[in-house]
Amino acid sequence: MWRASILTLFPDMFPGPLGFSLAGKALAAGLWTLDAVDIRGHATDKHRSVDDTPAGGGPGMVMRADVLARAIDAVAPAGDARPRLAMSPRGVPLTQERVEALARGPGAVILCGRFEGVDERVIEGRGFEEISVGDYVLSGGEIAAFTLLDACVRLLPGVMGKEASGAEESFAQGLLEYPQYTRPQLWEGRAIPDVLTGGDHAKIAAWRRAAAERLTRARRPDLWAAHVARVGAPAKPRKRPNQKPEPDG
Ligand SMILES: C[S@@+](CC[C@H](N)C(=O)[O-])C[C@H]1O[C@@H](n2cnc3c(N)ncnc32)[C@H](O)[C@@H]1O
């Protein structure tokens, strides 16, 4: 059973979007569990304070190490083998590879920051790894936690309808996914590429592979460089006489 514990100032946000669709059905079926722990419940003063002004000055407030540590220790005592992840814009970027590794594990303990973030000492002292969901700043870690959890839960055994549907997706082979089409065959003057409706599986696979490579090269030079380093550059298609150049590269 994959177990997620969320430390948050807004426990009522959960399960939120994770209560719907694949993740929601899997939650109801007991394929994973989620407990959202109210950090404020671990404050001890009469105002139930969870934050204070930044040491050294500056704007905003910082979440207090002592309050956070009590919440963490209550939900994940020493010996809990789950990885401890603090959502943070300065964290290690989340990747599909990391998501796959997390989904293979026992679950996760996720700390959602607010304000200017959390006191550094609790990250160090309680062994949290900071994880980012992108190079932009959210107002809180909860939406980042939804992202991480959704990405993990859909990979848990029994959650996705066809086990195969994960294998060809973006990032699974180090490439972005090829374009998808469905009926109607002709929509607003745009037709589905003939090769996809011709029934020749080898040609379909070759078309998809070439499209995935073209998209990755155009949109994600970082992924493309890593792909070429791993498998080598694809063979250039032989140019037929009078052939028009491809639209984007
Ligand atoms: C307003 S942000 C704090 C930003 C922080 N002062 C900084 O500049 O790095 C509040 C919280 O939102 C969450 N957060 C914001 N952006 C994020 C991102 N890109 N990835 C993951 N978590 C993020 C973190 O939990 C963070 O503690």
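The values are calculated or read from the model by the stated rules, or taken from the named source; none is laboratory data. All values reported here derive from a predicted model rather than from experimental measurement. Here the Cβ is made from the backbone with ideal geometry for all residues, glycine too, and neighbour counts use every protein chain on show. Ligands, DNA and RNA are excluded from the accessible area calculation, which covers all protein heavy atoms including side chains. Shrake-Rupley method; radii C 1.70, N 1.55, O 1.52, S 1.80 Å.
If you filter the stretch 86-186 for chymotrypsin sites (Phe, Trp or Tyr not before Pro), then keep DSSP loop positions with at most 11 other Cβ within 10 Å, what is left?
TYR136
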Extending each Cα 7 Å along its Cβ direction at LYS25 and ILE143, get the distance between those two points in nm, one decimal.
-> 2.8 nm
Within the accessible area of the chain (1.4 Å probe), percent carbon and sulfur = 54 percent
Under the Karplus curve 6.51 cos²θ - 1.76 cosθ + 1.60, θ = phi - 60°, whole-Hz ³J(HN,Hα) for the stretch 108-122, x wherever Gly or Pro sits | 7, 10, 10, 9, 9, x, 9, 6, 8, x, 10, 4, 3, 5, 6
Given R₀ = 22 Å, FRET efficiency for ALA78-ARG104 by Cβ-Cβ distance, to 0.05?
-> 0.45
3J(HN,Hα) from dihedral phi, the stretch 125-140, Karplus parametrisation 6.51/-1.76/1.60, rounded to Hz, x for glycine, proline | x, 10, x, 8, 9, 7, 10, 10, 9, x, 7, 7, 10, 8, 7, x
Please list the non-local residues whose amide H lies under 5 Å from the amide H of VAL37, H modeled 1.01 Å from N, same-chain partners needing a gap of 5 or more.
-> ILE6, LEU7, THR8
Roughly speaking, what % of Cα-Cα pairs in the chain are separated by over 24 Å, rounded to a whole number?
-> 58 percent
DSSP beta bridges in the stretch 1-150 [antiparallel fraction, %, rounded to 5] = 10 percent
Between GLU129 and residues 5 or more places away or on another chain, the pairs with built amide H atoms under 5 Å apart involve ARG84, LEU85, ALA86
